[in-house]
1. Tally the residues that are outside any loop (DSSP other than H, G, I, E, B) and either modelled with pLDDT under 90 or open to solvent by less than 30 Å² (accessible area, probe 1.4 Å) (or both), restricting the search to the stretch 320-338.
2. Which strands (runs of 3 or more DSSP E) does the stretch 363-441 wholly contain that include 3 or more residues that are under 25 Å from Met501 (Cβ atoms) and open to solvent by less than 10 Å² (accessible area, probe 1.4 Å)?
3. Going through His469, His463 one at a time, which residue ends up being open to solvent by 10 Å² or more (accessible area, probe 1.4 Å), under 19 Å from Val176 (Cβ atoms), in contact (Cβ under 8 Å) with a residue 12 or more places away in the chain and not basic (Lys, Arg)?
4. What are the pairs with Cβ atoms under 6 angstrom where one residue, in the stretch 30-53, is crowded, with 20+ Cβ neighbours inside 10 Å and the other, located anywhere, is β-branched (Val, Ile, Thr) and part of a loop (DSSP other than H, G, I, E, B)? Sequence gap at least six, or different chains.
5. Take the residues of the stretch 450-460 that are touching a helix residue (DSSP H, G or I) at 6+ places or on another chain (Cβ under 8 Å) and part of a strand (DSSP E or B): which is surrounded by the fewest Cβ atoms within 10 Å (Cβ to Cβ)?
6. Answer yes or no: is there a residue in the stretch 145-161 that is of a type outside the set (S, T, N, Q), outside any helix (DSSP H, G or I), open to solvent by less than 10 Å² (accessible area, probe 1.4 Å) and without any contact (Cβ under 8 Å) to a residue 60 or more places away in the chain.
7. Name the residues in the stretch 233-279 that are assigned to a loop (DSSP other than H, G, I, E, B), open to solvent by 40 Å² or more (accessible area, probe 1.4 Å), under 20 Å from Ala311 (Cβ atoms) and among the β-branched types (Val, Ile, Thr), would you?
8. Would you say Arg441 is in contact with a Pro (Cβ under 7 Å, 6 or more places away or on another chain), of a type in the set (Lys, Arg) and either under 25 Å from Ala236 (Cα atoms) or at pLDDT below 95 (or both)?
Amino acid sequence: MGGAARLLSGLSWGAQGAWGLLAGLAQAAALALPGTGQPQWGLQIVSLAVLAALLSEAPTWRRAAGLGAVFATAWLAGTFWWLFISMHTYGGLPAPLAVLAVLGLAAFLALYYAAASGVFSLYRQSSRALKAIVFGALWLLAELARGTLWTGFPWGAGGYAHVQGPLAALARSVGVYGVGFVAAVLAMGLAQVRRSDLRYGRFWAGLVALALVLGGLAWQRDCALAQCTGRPVAAAPITLALLQGNIPQDEKFQTGTGVPQALKWYGEALLNAQADLVVAPETAIPLLPQQLIPGYLERIEARFAQGDRAALLGLPLGDEQQGYTNSVQGLSSAPGTPYRYDKHHLVPFGEFIPPFFRWFTEMMNIPLGDFNRGAVGQPSFAWAGQRIAPNICYEDLFGEELGARFIDPARAPTVFVNFSNIGWFGDTLAIDQHLQISRMRALEFERPMVRATNTGATAIIDHRGVVTHQLARHTRGILQGTVEGRGLDAASAADLTPYAMWVARWGLLPLGLGALCLLGLAWVGRGKPVAL
C-alpha cells in the first residue's frame, strides 16, 4: 500500500469518516476557494487522493461505499450550500427544512459516488496502475450519472477545478469529464506512492514522461490557438455592452418595486448603448410582451431595426394556450428578426415541477412555473458576420447540449452568450463557480463565452478560457468590451476542437463506453477476489 493509505488504514471507522468529510469539503473549496473564488487544481487532486487512500485499504465494499458517501455528501453540500439562500431567504422555506433539503440533495447525488467506491473495493487486489485506472473509470461513470440522470445536476464536477493548470489543455480533446477522469487517475496514483519509490529511477522516469505528455498537449493546444496552419479563424472584433441591472432578487418580480426599476433601467440602457451588440441578462424584461406598457417593446425593436447595432435581451415569452418559455430575443436590421431562443434545459422546482414534488414547491414563495422546453441545437443569432449562440442560466453546465450546435461546421457558433440571474443565491461562491463553468466551455470549444447577468459575474471570456473583462458584481453598470469570434472559416471541421467534433455526434456516450471497457479489461486482469 502507499504511504498515505498505510497511515489511514490503521484509523478507526469514525476517524476515517472524519478524514473523508474533511477531504470532501476541501474538494468543494478547490472549485472556487473561499475568499478568492479561484479554482485550485492541486487541492482538487490532493483532496481526492485522501479518499483514494481510504478506499485502497477499505476491508469491505460496505466500508468503501460508506466512505465514498461521506466524502461526496460533504463535497456536494459544500459546493451548492447556497441553494439554502434561494429556498430560505427568497423562498420563505423554514431554515431547518432548507438545510435538510440541501443535505438531502447532496446525499442523494452522493449515492453515485458511494456505488463507485463500493465497486472499487472489488479491484483492491489489483496492481497499482490498474487500481488507478479503475478508480478513474468508476469516478467518471459516477460523474456522468450525476450529470445526466433525472435531468442532470453536474454542478461542481471535479474537472472544473482545472480551467487553469496542467490539465486544462485536455479540455479541447476530452471535455470536463475527461479531465476529471485524468485527475482521478492521478489522485489514486498519488495515494499509492511509497517512500521507497523515490529511490527508483523508473519512478522519476514516469514523472518525467507524465510531464512531457502534459507539456505536449499544452503545446498542441497553444499551437492550435495560434493558428499554426495559417488559416483565418477570426473576424474583426465586435464591441459589446453587457447590461447588469443588479435588481434586488426579493424585488425583481414585484410590480411596485423591482419590475418598474428593471423596465426603466434596461429600457434606457438598450436605447442608449452604442456598441455593436447590446446584451441584457435572463428575464431582464420581467414581464411577458403582452403585459408591458403599450409601445415599450416596440420602441426598443424600432431602435435596432435600422443601422448597424443589434441587441439580445432575456424575457419570458408565450401565452396560456401555447405555454410559456424562458427566452432570448434578438433584434437587428438583418432579415429574419426578431430572433428567438427558448431555454431547453429547465431548472427543477424553478422552471418545472418534478412529479410528486408539488407539495414542496407550494411551501416556498418563489415564482414557479411549468415552462415549455426549447429544442436542442437551436440556430444561432447571425450578426456582424458572427454566429452568436445563446444559453440561459445553467445551460452552459451541459457541454454536450451546447455541442449539438457543432454538428454542422458551417453553422457552428463563433461566440457563446450566457444569460443568467444568480441573484437567487446572494453574494456567494455560486457566482465564481458559474464563472469557472463558462471558462471550461470556452476551453472545450475554443470559442469566447460572453456573460450578461443580473448581479454577476458579467464578464467576457476569450477562446482560451481567460477572463478579459469583468464588471464588479452586485453593482449596477454596463461592461464595455470587445469579443473576437472564432471558427468563421468553418466550411469543414478543421476549425473545431476534437471535443466539439465527437460530442456533437455522440454526446457523452464515448466517455461512458470507454469507462466500461476499461473496467471490463481491468476485471480480466484483476488479482485475487476481495472478501465481501
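1. Result for the stretch 320-338: 8.
2. 386-392, 415-420
3. After ruling out the rest, the residue left standing is His463.
4. Here the result reads Pro39/Val163, each pair linking the stretch 30-53 to a residue that is β-branched (Val, Ile, Thr) and part of a loop (DSSP other than H, G, I, E, B).
5. It comes out as Ala459.
6. The answer is yes; a qualifying residue exists.
7. none
8. The answer is no for Arg441.
The values are calculated or read from the model by the stated rules, or taken from the named source; none is laboratory data. Just so we're clear, the structure is a prediction, and the values are computed from it rather than from any experiment. Quick reminder, even Gly has a Cβ in these numbers, built from the backbone with ideal geometry, and neighbours come from all protein chains shown. Note: accessible area is taken over every heavy atom of the protein model, side chains too, but ligands, DNA and RNA are not part of it. Shrake-Rupley method; radii C 1.70, N 1.55, O 1.52, S 1.80 Å.
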